[in-house]
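Just below is one structure, and these are the notes that go with it.
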Amino acid sequence: MHQIKLADNIYYLGFNDRRTHLFENIWPIPNGVSYNSYLITDEKIALVDTVEKQFIDDYLERIDGIIGEKPVDYLIINHMEPDHSGAVKAIRKRYPEIVIIGNRKTFGIIESFSISAENMIVVDDNDILDLGKRKLQFQTIPMVHWPETMVTYEESNKILFSGDAFGSYGTLDGGVFDDEINLEFYETDVMRYFTNIVGKYCAHTQRAMKKLAPLDIKMIAATHGPIWRSDLNWVLSRYSKWSSYEMENGVVIVYGSMYGNTQKMAEVIARQLSERGIRNIRVYDSSKTHLSYIINDIFRYKGFIAGSCAYNNSLFPNIETLLSTIEHMGIKNHYLGIFGTYLWSGGGVSNLKKFAENIKWELVYEPVEEQGSLKRDKFKLCVELANSMSDKLLGN
């Protein structure tokens with residue numbers, strides 16, 4: 001195995017997962033994902049985070065290939081999520097004298113994973129760990145995206161080991177650093193990783209970026225995805241934009257339809273948006289497209305129009321799941337439109353109205369509800385809904 005260095009005596013220890021279909025057993029990862037760990041060799045030797053447990057044997061072998069029989073003195077845990085802490089027990093068994101470095105919240109979570117709280121050092125903001133020639137500084141960035149999350153800053157080479165922050169879905173297919181790969185390939189995976197995993201914590205992300213701004217950072221080494229060394233602004237500018245809800249003029253239309261009547265309303269709305277000059281229009285059947293991709297586009301575009309048939313006096317189930325996730329994530333600052341159908345009993349549009357009340361986005365037009373198939377009067381109202389959304393976006 002080629003040794004990959006971030007700098008002299010700082011090594012990348014990463015593995016590509018091409019088999020897992022769902023990240024966190026929720027989010028589709030058709031392009032896979034990488035798990036990144038880092039090894040620093042100095043007078044003292046430190047590991048920064050570990051890897052998912054399926055890679056333990058190869059992980060230990062790779063460490064041995066670099067340091068031989070030398071012990072690892074420190075294990076720094078920036079984030080305790082199991083895809084990064086999965087090898088902690090194995091590392092401790094291999095290096096029984098190792099000292100674990102974390103913050104106060106780290107160790108409560110460690111114990112919940114049945115890892116004994118011994119040989120541990122608690123660090124806080126600005127604390128320094130001296131390895132010899134290199135010094136490591138720590139900064140906590142809680143809720144990006146767990147409460148114990150922190151980052152480790154290597155002062156000599158100005159490397160920020162950032163945990164999950166600035167990470168990405170997608171395996172590293174030969175290229176590990178940003179200047180070795182075509183970033184267009186990662187554009188969607190970086191954003192979808194942010195919107196799926198970190199998006200609920202936009203305010204915390206903004207605070208973290210302001211907190212880390214005084215550091216002179218030349219390289220960002222996350223626990224997933226590429227290492228950023230040539231164009232840090234590529235990822236930093238995007239995180240700043242997404243976490244501050246800066247959006248493009250466009251509309252996401254998502255519907256739940258059993259027999260096609262609600263879909264017909266969505267098609268009318270989409271066509272009228274196009275005739276009014278809206279170029280970014282995404283229409284999703286909630287039964288076909290995983291909410292991971294829909295939420296990603298909701299973060300991208302300012303307009304959101306949701307439609308649902310009535311299903312057992314309630315919302316179409318996939319729409320209900322999507323709206324619940326949107327509320328849970330606390331996504332802000334959208335224009336909202338509502339439409340739907342019913343036959344013998346309502347429940348779709350009435351529950352969309354409840355969503356509107358809860359989310360507190362600006363409703364651009366009165367909800368449009370049709371009984372059965374789409375008829376002339378409600379066709380006209382769908383057009384007016386699209387016109388009202390267009391007026392808001394074009395005026396904006």
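Numbers below:
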| item | result |
| --- | --- |
| Difference of contour (0.36 nm per residue) and Cα-Cα distance, Glu155 to Lys211 | 18.5 nm |
| Computed lengthening from Asn16 to Asp57, 0.36 nm per intervening residue step minus Cα-Cα distance | 13.3 nm |
| Rounded to 10°, Cα long-axis angle of helix 317-329 versus longest principal axis of the chain | 50 degrees |
| Ranked Met389, Met143, criterion: other C-beta atoms within 10 Å, fewest first | Met143, Met389 |
| Degrees separating the helix 183-193 axis from the principal Cα axis of the chain, which is the longest one | 80 degrees |
| Theoretical ellipticity at 222 nm over the chain - DSSP helices of four or more residues, -39500 (n - 2.57) apiece, nearest 500 | -10500 deg cm²/dmol |
| Thr321-Ser114 FRET efficiency (beta carbon distance; Förster radius 41 Å; 0.05 resolution) | 0.80 |
| Cα-projected label distance for Gln3 with Arg276, points at 7 Å along beta-carbon direction, nm | 6.2 nm |
| Degrees, to the nearest 10: 348-359 long Cα axis against longest axis of the chain | 50 degrees |
| For the chain, size of Cβ-based charge dipole, Lys and Arg +1, Asp and Glu -1, in debye | 1160 debye |
| Members of Lys211/Lys288; Lys218/Lys288; Lys133/Lys210; Lys218/Lys360 lying beyond 32 Å, as alpha-carbon distances in this model show | Lys211/Lys288; Lys218/Lys288; Lys218/Lys360 |
| Cα-based reach from Lys89 at 17 Å (exclusive), listing aspartates and glutamates while leaving out same-chain residues under 8 positions away | Asp49, Glu52, Asp57, Asp58, Glu61, Asp64, Asp73, Glu81, Glu97, Glu111, Glu118 |
| Point-to-point label distance, Asp173-Lys93, nm (Cα→Cβ direction, 7 Å offset) | 3.6 nm |
| Charge dipole magnitude, Cβ of K and R +1, D and E -1 - region 240-369, Cα centre, debye nearest 20 | 220 debye |
| Selection of trypsin sites (Lys or Arg not before Pro), region 318-396, meeting DSSP coil and at most 11 other Cβ within 10 Å | Lys360, Lys375 |
| Globularity index of region 4-243, i.e. its alpha-carbon radius of gyration over 2.2 N^0.38 Å | 0.93 |
| Cβ-based exposure ranking for Asp73, Asp58, Asp297, in which fewest neighbours within 10 Å come first | Asp58, Asp73, Asp297 |
| Entries of Lys5/Lys135; Lys200/Lys392; Lys5/Lys70; Lys44/Lys93 with Cα pairs more than 22 Å apart | Lys200/Lys392 |
| Normalised per residue, the volume of the convex hull around the Cα set of region 252-391 (Å³) | 91 Å³ |
| Residue (of Gly68, Gln54, Gly32) at the positive-pole extreme of the chain, dipole from beta-carbon charges | Gly32 |
| Listed residues Asn249, Asn182, Asn126, most fluctuating in the chain (Gaussian network, C-alpha, under 10 Å) | Asn182 |
| Per-residue Cβ neighbour rank within 10 angstrom, fewest leading, Tyr259, Tyr239, Tyr193 | Tyr259, Tyr239, Tyr193 |
| Share antiparallel - DSSP beta bridges, region 4-243, percent rounded to 5 | 65 percent |
| Difference of contour (0.36 nm per residue) and Cα-Cα distance, Glu267 to Glu366 | 33.8 nm |
| Net charge of neighbours whose Cβ lies under 14 Å from the Cβ of Trp27, counting Lys and Arg as +1 and Asp and Glu as -1 | -4 |
| Selection from Asn196, Ser373, Phe113 lying farthest towards where the dipole of the chain points positive, charges on Cβ | Ser373 |
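Read the figures in this text as sums done on the coordinates, not as results from a lab. As the structure is a computational prediction, the values presented were derived from the model and not from experiment. Note: ideal-geometry Cβ built from the backbone for every residue, glycine included; neighbour counts use all protein chains shown.
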